[in-house]
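Engineer: I have a structure I would like to understand better, so I am pasting it below and will then ask my questions one at a time.
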């Protein structure tokens with residue numbers, strides 16, 4: 001029997017990136033699983049010390065979608081972003097459309 005190369009379907013996003021101000025983190029719910037980015041806001045500077053996606057979401061683009069939402073919110077609010085987390089730092093480096101927000 002021949003194996004077929006069936007592409008993995010994109011994750012089904014069930015919510016938008018939300019700023020959970022009570023927990024100081026941005027959240028994205030995908031297929032019932034959470035991706036989140038912890039943050040600390042100091043004036044107009046947004047520090048991102050940690051980004052995490054549930055194991056079920058890893059490798060499916062959920063953390064990238066989350067980071068895009070974080071950066072869009074930062075732009076909307078006039079924040080500069082300092083990525084402390086290595087994932088956030090690499091993501092920002094790879095997305096020149098957000099380099100103007102880097103603190």
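The values are calculated or read from the model by the stated rules, or taken from the named source; none is laboratory data. What you are looking at is a predicted structure, and each value in this text was computed from that prediction instead of being measured. Here Cβ is always computed from backbone atoms with ideal geometry, including for glycine, and neighbour counts include all displayed protein chains.
Yes/no per residue for (1) modelled with pLDDT of 95 or more; (2) surrounded by fewer than 12 Cβ atoms within 10 Å (Cβ to Cβ):
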position	(1), (2)
15	no, yes
36	yes, no
54	yes, no
59	no, yes
66	yes, no
70	yes, no
75	yes, no
86	yes, yes
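Engineer: Determine which single condition residue 52 fails, assuming it passes every other condition in (1) without any contact (Cβ under 8 Å) to a residue 24 or more places away in the chain; (2) part of a helix (DSSP H, G or I).
Structural biologist: (2)
Engineer: Here's another thing I want to ask about it. For the range 91-103, how many residues are surrounded by 12 or more Cβ atoms within 10 Å (Cβ to Cβ), free of Cβ contacts under 8 Å to residues at least 24 places away in the same chain and in a helix (DSSP H, G or I)?
Structural biologist: Of the residues in that region, 1 qualify.
Engineer: Among all residue pairs at least 6 apart or on different chains, which show Cβ distances below 7 Å where the first residue, located in the range 57-78, is under 20 Å from residue 43 (Cβ atoms) and the second is part of a helix (DSSP H, G or I)?
Structural biologist: 71/98; 71/101; 74/101; 75/101
Engineer: In addition: Filter the range 55-69 down to the residues that are part of a helix (DSSP H, G or I), closer than 17 Å to residue 94 by Cα and out of contact with any helix residue (DSSP H, G or I) (no Cβ under 8 Å at 6 or more places or on another chain) and list them by number.
Structural biologist: 62, 65, 66, 68, 69
Engineer: Pick out the one residue from 22, 46, 41 that is outside any helix (DSSP H, G or I), out of contact with any strand residue (DSSP E or B) (no Cβ under 9 Å at 6 or more places or on another chain) and modelled with pLDDT of 95 or more.
Structural biologist: Numbers: 46 fails: out of contact with any strand residue (DSSP E or B) (no Cβ under 9 Å at 6 or more places or on another chain); 41 fails: out of contact with any strand residue (DSSP E or B) (no Cβ under 9 Å at 6 or more places or on another chain).
Just a single option satisfies the conditions, and that option is 22.
Engineer: Taking residue 32 as meeting all but one of (1) more than 15 Å from the chain's Cα centre (by Cα); (2) at positive phi; (3) at pLDDT 95 or above, write down the number of the exception.
Structural biologist: That leaves (3) as the condition not met.
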